[in-house]
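Q: Can you read through this structure? Questions will come right after.
The values are calculated or read from the model by the stated rules, or taken from the named source; none is laboratory data. Predicted, not measured: the structure shown is a model, and the values here were computed from it. Cβ placement follows ideal geometry from the backbone for every residue including glycine, while neighbour counts extend to all protein chains displayed. Please note that ligands, DNA and RNA were not included when accessible areas were found on the heavy atoms of the full protein model with its side chains. Shrake-Rupley method; radii C 1.70, N 1.55, O 1.52, S 1.80 Å.
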Amino acid sequence: MGTAETVVELRGITKRFPGIVANDAISFALKKGEIHALLGENGAGKSTLMNILFGLYQPDEGEIWIQGRKTEIGSPVQAIGLGIGMVHQHFKLVQPFTVTENIILGSEPRSGVSIDRRKAQAEVARLSERYGLKVDPQAKIQDISVGMQRRVEILKTLYRGAEILIFDEPTAVLTPQEILELIDILKRLAAEGKSIILITHKLKEIMAIADTVTIIRRGKAIETVAVRDTNPQKLAEKMVGRHVSFEVAKTKAQPGAPVLTVKNVRAAGNRGSMALQGISFEVRAGEILGIAGVDGNGQSELIEALTGLRKVESGEILLNGKSITGRSPRDISEAGLSHIPEDRHKHGLVLDFTMSENMVLETYYHPQFSRGPFLNDAAIDAHAEKLIREFDVRTPGIRTKARSLSGGNQQKAIIARELDKNPDLLIAAQPTRGLDVGAIEFVHKKLVEARDQGKAVLLISFELDEIRSVSDRIAVIYEGQIVGEVNPEETGEEELGLLMAGQGKGGAGIGQAH
């Protein structure tokens, strides 16, 4: 085999934003039929680089070469014209429309003035068949699974004639089975001669699917290597610049009395239907209970019901044997509950407050931080300094606004604040979402430390590896109920995946209140 032709070449791409060089003279080459992973921590500059290739940003310096020709890409429309398609991390689909309507949106085939739907459906069916995408062209987006929606996004780019496909974190929110299907689809696309760039920070996926990997650290391209010549440990070290441990170090749990008891709780979702359908479970002191499930099965509503943000229609929530059902968020917090929220920007931090202010959001009215109606700034600042030091939050200073910190450091700040309240129950919702291996290692260590101090920890996560390595027990949530309970040491990803899809046997009925 001769050397494959280069279809994309980025030469010395630099992109600056106020106060930061997002891409620092990065060079990158993609060959025809190759799956090339772009690996890096959050904020390393991966998405910025691909947004430049897709015409969403313009580089400050550097050149883009497509199929051997120097090109300027001024917009996504131009990128699509050059055969470049991008499947974004967050879906850009119109919910009430059918699959076909979404795919042809903006490039509808016409016969005269009307849209030729039959032709469009035939083309969608043909592409779906050819790449093994198994999509029903007439289904409405709102009625299909997240994995299926991901495939519709892929079809959309193929329909527009993409030869070069960029995938931004494509496996976020998918079940293990959907991830395996997606990997097959990507391999098939590459075998058909399409060239693929995969933005990710998941090392397991890179090992399973990519041919080549380019590591980006702090805006610079560190190295490009063939995947067969490397391993996850080496990649992790290049990505964060130090040794990383993948094993969560913990001894066996010594659970005590129940701290949280949830009995037959029902609560409505945002669309009015019941999101929690009589859910029951308990978390004991000194243990981590992991709740596994596919996004959208009542996890968010459960967290809101527990923290006083969503009305409980029926059933009971007990904290240390006392009912907290229907109490205010402040009352519940004062009763001994701390909460690492799933959306750190919306519920975790006030982005325009300083780090110092963010550290006392829930405790500023305590006597040590206030003198009558006035805040004791010196005490608040000293408190913030201490937490930032203990939790290694990288910030220019306590006066820095929260929004200017990286995701990992924002998360460390929230965890510092929540653990400092010395809670009896810690709810950790998606605590490592979007974090890289270095920050993940830190968060896991802190959850285990909290458990070892006798706290009850409720971990809610879509990351199966995280649920399996951190939890002492796993409960699976499906359509607002616990459908099974398993022991992490004895359960495989297959079994968990089936339970999460509502098909497993599992120990249904365990932990139900009788």
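Q: Within the range 247-260, is there a residue that is assigned to a strand (DSSP E or B), at pLDDT 90 or above and either in contact with a helix residue (DSSP H, G or I) (Cβ under 8 Å, 6 or more places away or on another chain) or hydroxyl-bearing (Ser, Thr, Tyr) (or both)?
A: Within the range 247-260, one or more residues are assigned to a strand (DSSP E or B), at pLDDT 90 or above and either in contact with a helix residue (DSSP H, G or I) (Cβ under 8 Å, 6 or more places away or on another chain) or hydroxyl-bearing (Ser, Thr, Tyr) (or both).
Q: Any chance you could count how many residues in the range 389-434 are basic (Lys, Arg) and closer than 18 Å to ALA335 by Cα? Don't jump to the end; show me each part of the working.
A: Going through the range 389-434, the residues basic (Lys, Arg) turn out to be 389, 394, 399, 401, 403, 412, 417, 421, 433.
Right, trim to closer than 18 Å to ALA335 by Cα and you get 417, 421.
Qualifying residue count, the range 389-434: 2.
Q: In the range 207-246, which residue that is touching a His at 6+ places or on another chain (Cβ under 8 Å) and part of a helix (DSSP H, G or I) is least open to solvent (accessible area, probe 1.4 Å)?
A: Initially, the range 207-246 is screened for residues touching a His at 6+ places or on another chain (Cβ under 8 Å), giving 210-214, 237, 239.
After this cut, where a residue has to be part of a helix (DSSP H, G or I) as well, the list is 237, 239.
Values: GLU237: 64, MET239: 0 Å².
Result: MET239.
Q: Scan the range 257-270 and report the pairs whose first residue is closer than 19 Å to HIS339 by Cα and of a type in the set (Ser, Thr, Tyr) and whose second residue is in a strand (DSSP E or B) and open to solvent by less than 30 Å² (accessible area, probe 1.4 Å), with Cβ atoms within less than 9 Å and a gap of 6+ or a chain change.
A: Correct list of pairs: THR261/SER280; THR261/PHE281; THR261/VAL283; THR261/ILE317; THR261/LEU318; THR261/LEU319.
Q: Okay, moving on. In the range 439-455, which residue that is open to solvent by less than 10 Å² (accessible area, probe 1.4 Å) and either without any contact (Cβ under 8 Å) to a residue 60 or more places away in the chain or under 20 Å from ILE388 (Cβ atoms) (or both) is farthest from the chain's Cα centre (by Cα)?
A: So in the range 439-455, the residues open to solvent by less than 10 Å² (accessible area, probe 1.4 Å) come out as 443, 447-448, 450-451.
When the remaining residues are screened for being either without any contact (Cβ under 8 Å) to a residue 60 or more places away in the chain or under 20 Å from ILE388 (Cβ atoms) (or both), the result is 443, 447, 450.
Values: VAL443: 15, LEU447: 18, ALA450: 23 Å.
The residue in question is ALA450.
Q: Of HIS347, HIS366, which residue is of a type outside the set (A, V, I, L, M, F, W, C) and within 26 Å of VAL265 (Cα to Cα)?
A: Criteria check complete, one pass: HIS347.
Q: Right, something else. Can we say ILE197 is open to solvent by less than 20 Å² (accessible area, probe 1.4 Å) and within 26 Å of LEU158 (Cα to Cα)? Let's see the steps before the verdict.
A: Values: open to solvent by less than 20 Å² (accessible area, probe 1.4 Å): yes; within 26 Å of LEU158 (Cα to Cα): yes.
It is true that ILE197 is open to solvent by less than 20 Å² (accessible area, probe 1.4 Å) and within 26 Å of LEU158 (Cα to Cα).
Q: Only one residue in LEU309, LEU319 is of a type outside the set (Lys, Arg) and crowded, with 21+ Cβ neighbours inside 10 Å, so which one is that?
A: Values: LEU309 fails: crowded, with 21+ Cβ neighbours inside 10 Å.
On inspection, the qualifying residue turns out to be LEU319.
Q: Has the range 11-28 got any residue that is open to solvent by 70 Å² or more (accessible area, probe 1.4 Å) and of a type in the set (Val, Ile, Thr)?
A: yes
Q: Restricting attention to the range 44-69, report how many residues are assigned to a helix (DSSP H, G or I) and either open to solvent by less than 10 Å² (accessible area, probe 1.4 Å) or not polar (S, T, N, Q) (or both). Before you say what the answer is, go through the steps one by one.
A: The initial filter retains those residues of the range 44-69 that are assigned to a helix (DSSP H, G or I), namely 46-53.
From what is left, the residues that are either open to solvent by less than 10 Å² (accessible area, probe 1.4 Å) or not polar (S, T, N, Q) (or both) are 46, 49-50, 52-53.
Summing the residues that are assigned to a helix (DSSP H, G or I) and either open to solvent by less than 10 Å² (accessible area, probe 1.4 Å) or not polar (S, T, N, Q) (or both) in the range 44-69 gives 5.
Q: Consider the range 307-318. How many of its residues are on the phi < 0 side of the Ramachandran plot, outside any strand (DSSP E or B) and not hydrophobic (A, V, I, L, M, F, W, C)? Break it down into steps so the answer makes sense when it comes.
A: In the first step, residues of the range 307-318 are kept if they are on the phi < 0 side of the Ramachandran plot; the result is 307, 309-314, 316-318.
Remaining after also requiring outside any strand (DSSP E or B): 307, 309-313.
From what's left, not hydrophobic (A, V, I, L, M, F, W, C): 307, 310-311, 313.
Summing the residues that are on the phi < 0 side of the Ramachandran plot, outside any strand (DSSP E or B) and not hydrophobic (A, V, I, L, M, F, W, C) in the range 307-318 gives 4.
Q: Please go through the range 355-397 and give me each residue that is more than 16 Å from LYS421 (Cβ to Cβ), within 25 Å of the chain's Cα centre (by Cα) and in a loop (DSSP other than H, G, I, E, B), ordered by number.
A: Scanning the range 355-397 gives ASP392, VAL393, ARG394, THR395.
Q: Going through the range 486-505 one residue at a time, which ones are open to solvent by less than 40 Å² (accessible area, probe 1.4 Å) and more than 20 Å from GLY298 (Cα to Cα)?
A: PRO488, THR491, GLY492, listed by residue number.
Q: Do the conditions hold for LYS250, that is, is it in contact (Cβ under 8 Å) with a residue 40 or more places away in the chain, out of contact with any Leu (no Cβ under 8 Å at 6 or more places or on another chain) and under 24 Å from GLU489 (Cβ atoms)? Let's see the steps before the verdict.
A: On the way: in contact (Cβ under 8 Å) with a residue 40 or more places away in the chain: yes; out of contact with any Leu (no Cβ under 8 Å at 6 or more places or on another chain): yes; under 24 Å from GLU489 (Cβ atoms): yes.
Yes.
Q: Considering only the range 370-396, how many residues are within 21 Å of HIS339 (Cα to Cα) and buried (at least 17 other Cβ atoms within 10 Å of the Cβ)?
A: Here the count works out to 7.
Q: Within the range 285-306, is there a residue that is open to solvent by 20 Å² or more (accessible area, probe 1.4 Å), more than 27 Å from GLN177 (Cβ to Cβ), part of a loop (DSSP other than H, G, I, E, B) and not aliphatic (A, V, I, L, M)?
A: Within the range 285-306, none of the residues are open to solvent by 20 Å² or more (accessible area, probe 1.4 Å), more than 27 Å from GLN177 (Cβ to Cβ), part of a loop (DSSP other than H, G, I, E, B) and not aliphatic (A, V, I, L, M).
Q: For the range 13-23, how many residues are at pLDDT 95 or above and more than 16 Å from GLY55 (Cβ to Cβ)?
A: Number of matching residues: 1.
Q: Turning to a different aspect of this structure: Which condition from (1) open to solvent by 20 Å² or more (accessible area, probe 1.4 Å); (2) touching a helix residue (DSSP H, G or I) at 6+ places or on another chain (Cβ under 8 Å); (3) modelled with pLDDT of 85 or more is the one that VAL360 breaks?
A: Every condition holds for VAL360 apart from (1).
Q: Identify the single condition in (1) open to solvent by 30 Å² or more (accessible area, probe 1.4 Å); (2) at pLDDT 95 or above that TYR478 does not satisfy, given that it satisfies every other one.
A: (2)
Q: Look at the range 14-41 and say how many of its residues are touching a strand residue (DSSP E or B) at 6+ places or on another chain (Cβ under 6 Å) and under 17 Å from GLU169 (Cα atoms).
A: The number of residues fulfilling the criteria is 6.
Q: Are there any pairs with C-beta distances below 6 angstrom linking a residue in the range 476-489 that is within 14 Å of ILE288 (Cβ to Cβ) and touching a residue at least 12 places away in the same chain (Cβ under 8 Å) to a residue that is part of a helix (DSSP H, G or I) and not hydroxyl-bearing (Ser, Thr, Tyr), with the two at least 6 apart or on different chains, and if so which?
A: Once the first residue is within 14 Å of ILE288 (Cβ to Cβ) and touching a residue at least 12 places away in the same chain (Cβ under 8 Å) and sits in the range 476-489, its partners that are part of a helix (DSSP H, G or I) and not hydroxyl-bearing (Ser, Thr, Tyr) give PRO488/ARG468.
Q: Is it the case that some residue within the range 333-354 is within 28 Å of SER406 (Cα to Cα), in contact with a helix residue (DSSP H, G or I) (Cβ under 7 Å, 6 or more places away or on another chain), open to solvent by 50 Å² or more (accessible area, probe 1.4 Å) and in a helix (DSSP H, G or I)?
A: no
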